[in-house]
Amino acid sequence: MKNIISLLMALFIFLTVQARASNNLATGKTDQFEIAFIGFEKAEKWTKTPKKGYSYYVLTYQVKNISGTALKHRKCPYASSFNHADLDGTRNTWQRSTGVPVDESALHLPGDIVQPDEVYEDYLIYAIPDSFNEVEVFYSKSSYGKPDLHFTLKK
């Protein structure tokens, strides 16, 4: 019985990930990963008010390990791997301590090791200017490097 429940849970997670993958807002690929943004929603609640003229947005993304080898999670894309363009063109990172609630139970978060062909989901919280109709998001393999991928998401 326990094995059947585990199998059904794994099937549910797989089907959820597959269904969400069909709703990609923007996709990109490197030699090791396929990255797809699957959610872009304006936050309705927070504990730290965003600065004037900005709103918080939750961006949900999926990563598939296409490298052919098992990788440590910290070698895979995560929050610090992404940034976005601000009003003056500078690249900003995710917002900490916003108090924006996110239902992590709806995500398939990665373990310590990401197996070949494994897909995981994670999220970013950005303070985006209200005047933007779209946001440019950049992925970089290196924190200090030139962006490896560029995504444009429409509000």
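List of remarks:
- Radius 12 Å from Cβ of LYS75, net charge of other residues (Lys, Arg +1; Asp, Glu -1): +2
- Sorting HIS84, HIS150, HIS108 from the fewest to the most surrounding beta carbons within 10 angstrom yields HIS150, HIS108, HIS84.
- J(HN,Hα) series, the range 99-114, from Karplus relation 6.51 cos²θ - 1.76 cosθ + 1.60, nearest Hz, glycine and proline x: x, 6, x, 10, 7, 5, 5, 7, 9, 9, 6, x, x, 5, 10, 9
- Taking 18 Å as the straight-line reach from the Cα of LYS51, the lysines in range (excluding those fewer than 8 positions away in the same chain) are LYS42.
- Using θ = phi - 60° and Karplus 6.51 cos²θ - 1.76 cosθ + 1.60, couplings along the range 66-73 (whole Hz; Gly, Pro as x): 10, 6, x, 10, 6, 10, 5, 3
Every number in this text was worked out from the coordinates using simple rules, so none of it is lab data. The structure presented is a predicted model; accordingly, all values stated were derived computationally and were not measured. With ideal geometry, Cβ positions are generated from the backbone for all residues, glycine too; neighbour counts draw on all protein chains shown.
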